[in-house]
1. For the range 195-208, give me each residue that is touching a Gly at 6+ places or on another chain (Cβ under 7 Å) and more than 10 Å from residue 218 (Cα to Cα).
2. Give all pairs with beta carbons closer than 7 Å in which a residue from the range 184-195 that is among the polar types (S, T, N, Q) meets a residue that is outside any helix (DSSP H, G or I); count only pairs at least 6 apart in sequence or on separate chains.
3. Every residue in the range 42-66 that is small (Gly, Ala, Ser) and either within 12 Å of the ligand (Cβ to nearest atom) or touching a Leu at 6+ places or on another chain (Cβ under 9 Å) (or both), please.
4. Can you tell me which residues in the range 1-45 are polar (S, T, N, Q), out of contact with any helix residue (DSSP H, G or I) (no Cβ under 7 Å at 6 or more places or on another chain) and more than 24 Å from residue 176 (Cα to Cα)?
5. Taking residue 78, is it of a type outside the set (Asp, Glu), at pLDDT 95 or above and in contact with a Phe, Trp or Tyr (Cβ under 6 Å, 6 or more places away or on another chain)?
6. Considering only the range 77-100, state which residues are in contact with a strand residue (DSSP E or B) (Cβ under 7 Å, 6 or more places away or on another chain) and outside any loop (DSSP other than H, G, I, E, B).
7. Criterion first (free of Cβ contacts under 8 Å to residues at least 40 places away in the same chain and more than 14 Å from residue 131 (Cα to Cα)) does residue 39 satisfy it?
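The values are calculated or read from the model by the stated rules, or taken from the named source; none is laboratory data. Since we're looking at a predicted model, the values are computed, not measured. Backbone-built Cβ (ideal geometry, glycine too); neighbour counts: all protein chains shown.
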Amino acid sequence: MSTTADPGRWLYELLAPAYDRLSGEATLYAVARARTIELLQLRPGATVLDVACGTGRNHELILERIGPSGRLVGVDRSPRMLQRARERAARRGWSNVELVETDVTNLTPELLDELGVDPPSAGFDAVLCTLGLTVIPDWRKAWQAMRRLVQPGGRIAIMDAGYPGCAGQAGETAVLRPVAWLLCRLFAADPRRQPWQLIVNDTDNVVEERYTLGYIGVAAGTRSAQGRPRGTPAATRLAHRPDRGDHYASSD
Ligand SMILES: C[S@@+](CC[C@H](N)C(=O)[O-])C[C@H]1O[C@@H](n2cnc3c(N)ncnc32)[C@H](O)[C@@H]1O
């Protein structure tokens with residue numbers, strides 16, 4: 001694929017050394033990220049797959065929950081982003097983090113096996129992707145891989161940036177759209193995708209929430225044993241949650 005069609009391929013190689021300083025984590029994502037991981041309902045000993053894990057921003061929060069008996073596998077296609085994740089793991093002395101370089105759209109248990117990761121036979125207890133599906137060119141294929149790799153009854157979560165919806169709905173401050181557009185362009189992300197809707201459409205026990213003036217979407221759900229046909233949304237409602245600041249939530 002050409003670099004024009006896929007600017008994220010070289011961009012994250014360039015950005016890797018500065019990503020943690022430039023991404024605006026504290027202002028834009030930290031609260032949503034913590035909530036995304038909380039919604040995975042992780043228990044000590046759980047197995048977790050972090051799709052497009054980048055520099056491993058999620059890893060400390062996940063490891064706090066799964067403990068030393070758990071297992072965390074992070075996958076990303078950028079060697080330099082992964083290098084930062086490896087350095088983070090080495091600094092913290094984490095021995096139960098495995099980091100794999102590959103394109104997540106092709107991810108299968110067999111490929112993980114070939115790459116030296118022994119995937120849990122029934123699938124991972126939880127799979128998440130934060131700020132990845134707006135960057136990955138074939139993001140719907142990446143979603144299919146996420147669903148494939150989580151076990152029936154396991155949890156899947158997505159956190160990503162994007163336009164909140166129709167102007168005036170879901171708390172959108174329309175004047176901020178150009179700012180959101182610019183930020184997304186700088187990180188090769190497409191703010192129109194709203195990938196958290198995949199969770200709403202394709203999983204059960206859905207929780208959907210909005211953060212950062214509605215521009216960050218978080219959703220988590222459970223993979224049902226049979227799966228649900230695409231386009232059949234779980235019974236969800238979009239509701240203002242004044243108790244949660246600017247968050248908007250829906251759940252079954
Ligand atoms: C904005 S960063 C997000 C990193 C991390 N998940 C976070 O929350 O900070 C997007 C990441 O997606 C990765 N990425 C993009 N396309 C990918 C693909 N097809 N397969 C694997 N990783 C991909 C990039 O290399 C980059 O590390």
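1. 201, 203, 204, 205, 206
2. Going by the 7 Å Cβ cut-off, the qualifying pairs are 194/162; 194/217.
3. So in the range 42-66, the residues small (Gly, Ala, Ser) come out as 45-46, 52, 54, 56.
46, 52, 54, 56, listed by residue number.
4. Once the filter is applied, which keeps residues that are polar (S, T, N, Q), out of contact with any helix residue (DSSP H, G or I) (no Cβ under 7 Å at 6 or more places or on another chain) and more than 24 Å from residue 176 (Cα to Cα), the range 1-45 yields 2, 4, 41.
5. yes
6. If the condition is that a residue be in contact with a strand residue (DSSP E or B) (Cβ under 7 Å, 6 or more places away or on another chain) and outside any loop (DSSP other than H, G, I, E, B), then 79, 82, 85, 86, 89, 97, 98, 99, 100 are the ones that fit.
7. On the way: free of Cβ contacts under 8 Å to residues at least 40 places away in the same chain: no; more than 14 Å from residue 131 (Cα to Cα): yes.
When the stated conditions are applied, residue 39 does not pass them.
Per-residue answers, yes or no, for (1) touching a strand residue (DSSP E or B) at 6+ places or on another chain (Cβ under 8 Å); (2) among the β-branched types (Val, Ile, Thr); (3) farther than 16 Å from residue 56 by Cβ; (4) more than 14 Å from the ligand (Cβ to nearest atom):
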| residue | (1), (2), (3), (4) |
| --- | --- |
| 106 | no, no, yes, no |
| 112 | yes, no, yes, no |
| 117 | yes, yes, no, yes |
| 129 | yes, no, no, no |
| 139 | no, no, yes, no |
| 147 | yes, no, yes, yes |
| 163 | no, no, yes, yes |
